[in-house]
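The values are calculated or read from the model by the stated rules, or taken from the named source; none is laboratory data. The model shown is predicted, which means the values in this text are computed figures rather than measured ones. In this analysis, Cβ positions are derived from the backbone assuming ideal geometry, glycine residues included, and neighbour counts consider all displayed protein chains.
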Amino acid sequence: MILLPSELRVALRANDINGRAAEADGKRFDPVPILKLFNPLGAATWLATELADDDDTLFGLADLGFGCPEMGSFSLSEITAVRLPFGLSIERDIAFEGRHRLSVWAAWSRRAGSINHAETLLRRMAQDDRIEPPPDSG
């Protein structure tokens, strides 16, 4: 499977351009994730919102399965190069619909301990028109 078809690549690049413009204007940029990549044999999951002009550096939320999802940059070429048992590789979730801004995904993923568990929680709350970050647990 092609991890990044051209329509997703264009949308991710547009977010990168818009994000840099917002930053230059001192505005907050909080897009909805466009791309979800996952390990079909494990817990690793990535949600991407932006693709840098090097055509390799993605920005978004990364969850390597250790219970602490983090926002940051990750390399598309490194993710693409991962070879798993049985001839498998990292896959793109073709049914993924971001629906929520990255800050909401990050807050719920950190609280739940994983992107996958947060996705379940967010889906259960989908009847609400607006989903906010979770209340502080402290």
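When the helices (runs of 4 or more DSSP H) confined to segment 22-130 are screened for residues that are of a type in the set (Lys, Arg), touching a helix residue (DSSP H, G or I) at 6+ places or on another chain (Cβ under 8 Å) and farther than 18 Å from Leu3 by Cβ, none reaches at least 3 such residues.
Of all positions in segment 15-22, at least one carries a residue that is surrounded by fewer than 16 Cβ atoms within 10 Å (Cβ to Cβ), of a type in the set (Lys, Arg) and without any contact (Cβ under 8 Å) to a residue 24 or more places away in the chain. Sub-8 Å Cβ pairs linking a first residue in segment 66-80 that is under 14 Å from Asn39 (Cα atoms) to a second residue that is not in a strand (DSSP E or B), at least 6 apart or interchain, are Leu76/Leu3; Leu76/Leu4; Leu76/Asp55; Leu76/Asp56; Ile79/Leu3; Ile79/Ile90; Thr80/Leu3; Thr80/Ile90, ordered by first then second residue. Considering only residues that are in a helix (DSSP H, G or I) and touching a residue at least 12 places away in the same chain (Cβ under 8 Å), look in segment 1-14 and name the one that is nearest to the chain's Cα centre (by Cα). Among them, the one singled out is Leu12. In the set Gly60, Gly65, Gly98, Gly72, only one residue is surrounded by 14 or more Cβ atoms within 10 Å (Cβ to Cβ) and modelled with pLDDT of 95 or more; that residue is Gly60.
In segment 61-77 there is at least one residue matching the filter, namely being more than 14 Å from the chain's Cα centre (by Cα) and polar (S, T, N, Q).
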